[in-house]
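Data block below; observations after.
Values quoted throughout were computed directly from the atomic coordinates according to the rules given, and no laboratory measurement underlies them. Keep in mind the model is a prediction, meaning the values are calculated, not measured. All Cβ positions, glycine included, derive from the backbone under ideal geometry; neighbour counts span all protein chains shown.
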Amino acid sequence: MTSMTSFLEPGMRVRHPQQPDWGIGQVQSNIGGKVTVNFPEAGKVVIDGTRVDLQLVFDD
């Protein structure tokens with residue numbers, strides 16, 4: 001099964017399912033399953049896409 005994370009591209013907006021207080025983040029990069037996301041309340045975070053399925057956000 002392919003993770004949703006593998007489809008994430010820079011500019012897409014996401015939520016971290018275990019950290020809702022981080023707010024809606026913007027994907028900066030997705031290299032080898034490591035996704036860098038800039039969250040308004042947590043700053044730039046590198047997430048292991050094999051461990052966390054980020055949730056794509058379409059509107060607020």
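Sequence-distant or interchain residues sharing an amide H contact under 5 Å with VAL57, placed H: which?
Those qualifying (amide H under 5 Å, at least 5 residues apart or on another chain) are ARG13, VAL14, ARG15.
Which residue fluctuates the most in the chain, going by a Gaussian network model with Cα springs under 10 Å, if the choices are VAL35, VAL45, VAL14?
In this elastic network of the chain, the residue with the biggest mean-square fluctuation among VAL35, VAL45, VAL14 is VAL45.
So what is the relative contact order of the chain, in percent, for Cα pairs below 8 Å that sit 6 or more residues apart?
Details: 117 pairs, mean separation 21.3, N = 60.
Relative contact order of the chain: 36 percent.
Quick one: if you take sqrt(5λ) for each eigenvalue of the C-alpha gyration tensor of the chain, what semi-axes come out, biggest first, whole angstrom?
Each semi-axis is √(5λ); the values are 16, 12, 11 Å.
Please report the net charge: other residues with Cβ closer than 13 Å to the Cβ of TRP22, K and R +1, D and E -1.
Net charge around TRP22: +1.
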